[in-house]
Amino acid sequence: MNILFVADPLESFKIYKDTTFSMVREAQRRGHTVAATEPRHIVWQRGSVVQALVRNIHLTGGKENWFDVTASETVALRSFDAIVMRKDPPFDSEFFYATHLLEQAEREGAKVFNKPRALRDHPEKLAIMEFPQFIGPTIVTRDAAAVRAFHAEHRDIILKPLDGMGGTGIFRVKEDGLNLGAIIETLNADGAQTIMVQKFLPAIKDGDKRVLVIGGKPVPYCLARIPQGGEVRGNLAAGGKGVAQPISEADRAIAEALGPILAARGLLLVGLDVIGDSLTEINVTSPTCFQEITDQTGFDVPAMFMDALEEALR
């Protein structure tokens, strides 16, 4: 099988923890041919099919120079057996345009995972609102008065931008309401931008759990990202400590309810974020934590992913 990974520059990978690297390594271990490209190298010219400048690569097993480029060429995306979209957020205009180019490649016969339309249809914070039975009190608004009313009702809240990642732009406001006005102004740009506000979940002390769902089925272990040093954010990028653990019954119930629905929409890989028993995000662009879970538990997450990818192509 010939697999193309659409990702950030390979030179930027931290291979000791990078999930895309673990996918590439497993693909090569199984004898698949691997190539890589970046969204900026995808081209659609009038009268032609969608193409990209790709690098055919082979992993060396080293830590520094970890890959060799065996060839570099411009090829039609439809010539690959599978395209794995792994460009990291932010989901900005360029990411948006890349999904349209990949969707055109689908019309030409390419098979893309996760499906480009599904990536657009599931903004990672907003997507939870479709499943109210699994989430805590939440409001999505750009109205400052509505945010203040939400705070008056719930007393301890979290405010976040809809396009944030890695814990950036997240604020907690407690019962005293200290700096609530300034935070609202900062996040909603004086009413110009929509934000999400949620009731604070004390269970964050036990970690913001990343529950992976592959091919509609939950990985039996999650990664609890536990806040450190007085932080309210558990994100690894914000200094959280990642501790792998078996998924709880509540985690499994959420994953088993959402997994088949999301898989049917073309989402082969999903990362659910769960605090306590509450779903807080549905990550679809470039879910991570494969290596952390595998290293700490011995459960081979990359192998489960590659099994699902191979099954989807049968």
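The values are calculated or read from the model by the stated rules, or taken from the named source; none is laboratory data. From a predicted model like this one, the values you see are computed outputs, not experimental measurements. So basically every Cβ, Gly included, is an ideal-geometry build from the backbone, and we count neighbours across all protein chains shown.
Going through E249, E256, E292, E281 one at a time, which residue ends up being of a type in the set (D, E, K, R), over 19 Å from D18 (Cα atoms) and buried (at least 17 other Cβ atoms within 10 Å of the Cβ)?
Matching residue, one of E249, E256, E292, E281: E281.
Give all pairs with beta carbons closer than 6 Å in which a residue from the range 270-283 that is on the phi > 0 side of the Ramachandran plot meets a residue that is outside any strand (DSSP E or B) and among the hydrophobic types (A, V, I, L, M, F, W, C); count only pairs at least 6 apart in sequence or on separate chains.
So the pair list comes out as G276/L201; G276/A203.
Read through the list (1) in the same structural domain as Q51 (by TED's automatic domain parsing); (2) touching a Lys or Arg at 6+ places or on another chain (Cβ under 9 Å), then give the number of the only condition that D163 fails.
(1)
Q198 is checked against (1) closer than 15 Å to D277 by Cα; (2) surrounded by fewer than 18 Cβ atoms within 10 Å (Cβ to Cβ); (3) of a type outside the set (A, V, I, L, M, F, W, C); (4) within 22 Å of the chain's Cα centre (by Cα) and fails just one. What number does that condition carry?
(2)
Filter the range 249-289 for residues that are charged (D, E, K, R) and more than 19 Å from P137 (Cβ to Cβ) and give the result.
Result: E249, D251, R252, E256, R265.
Can you tell me how many residues in the range 38-54 are surrounded by fewer than 20 Cβ atoms within 10 Å (Cβ to Cβ) and of a type outside the set (F, W, Y)?
Adding up the residues that qualify gives 11.
Is it true that some residue in the range 93-101 is without any contact (Cβ under 8 Å) to a residue 40 or more places away in the chain and crowded, with 20+ Cβ neighbours inside 10 Å?
The answer is yes, given that some residue of the range 93-101 is without any contact (Cβ under 8 Å) to a residue 40 or more places away in the chain and crowded, with 20+ Cβ neighbours inside 10 Å.
Inspect all residues belonging to the range 143-158 and state whether any of them is under 19 Å from G276 (Cβ atoms) and under 23 Å from the mean Cα position of the chain (by Cα).
Yes, the range 143-158 contains a residue that is under 19 Å from G276 (Cβ atoms) and under 23 Å from the mean Cα position of the chain (by Cα).
Every residue, every condition in (1) of a type outside the set (A, V, I, L, M); (2) assigned to a helix (DSSP H, G or I), yes or no:
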{"position": "V243", "(1), (2)": "no, no"}
{"position": "P260", "(1), (2)": "yes, yes"}
{"position": "T288", "(1), (2)": "yes, no"}
{"position": "Q291", "(1), (2)": "yes, yes"}
{"position": "T294", "(1), (2)": "yes, yes"}
